[in-house]
Amino acid sequence: MPGQALSKPARRAGQAAADQQIKDPPPLVANRIGELDARIAQVSSRVDECIAPFTDQAARLDGITGIGVTSAQEVIAEIGVTMTVFPTARHLAS
């Protein structure tokens, strides 16, 4: 019945079934996960190629508390490494 809480054994049984699906996904799902993992690896490799000329700048940004490798790559991709295009820090921040 909608809105009615499940008993603890029913919740455990449901969780066990969900856990099993995660451990042993159906073949179609497992294939799709494999395809997506391969695509993620391709994109990650391409990002590494593109960021290679800027490893020093990425490392400097990564040294800032709260900025990790991915954030450093995003900053470089979005605003570049040459701040001369921004007349002031406020222009950059806006």
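Against the list (1) closer than 16 Å to Thr82 by Cα; (2) among the β-branched types (Val, Ile, Thr); (3) touching a helix residue (DSSP H, G or I) at 6+ places or on another chain (Cβ under 9 Å), the condition Val29 fails is (1).
Scanning the range 58-91 for residues that are part of a helix (DSSP H, G or I) and open to solvent by 70 Å² or more (accessible area, probe 1.4 Å) yields Arg60, Val69, Thr70, Glu74, Ala77, Glu78, Met83, Thr84, Val85, Ala89, Arg90, His91. Flag: Asp37 does not match the condition of being surrounded by 11 or more Cβ atoms within 10 Å (Cβ to Cβ) and modelled with pLDDT of 90 or more.
The values are calculated or read from the model by the stated rules, or taken from the named source; none is laboratory data. Predicted, not measured: the structure shown is a model, and the values here were computed from it. Heads up, the Cβs are rebuilt from the backbone with ideal geometry, glycines too, and the neighbour counts pull from every protein chain shown. Side chains included, ligands, DNA and RNA excluded: accessible areas come from the protein's heavy atoms. Shrake-Rupley method; radii C 1.70, N 1.55, O 1.52, S 1.80 Å.
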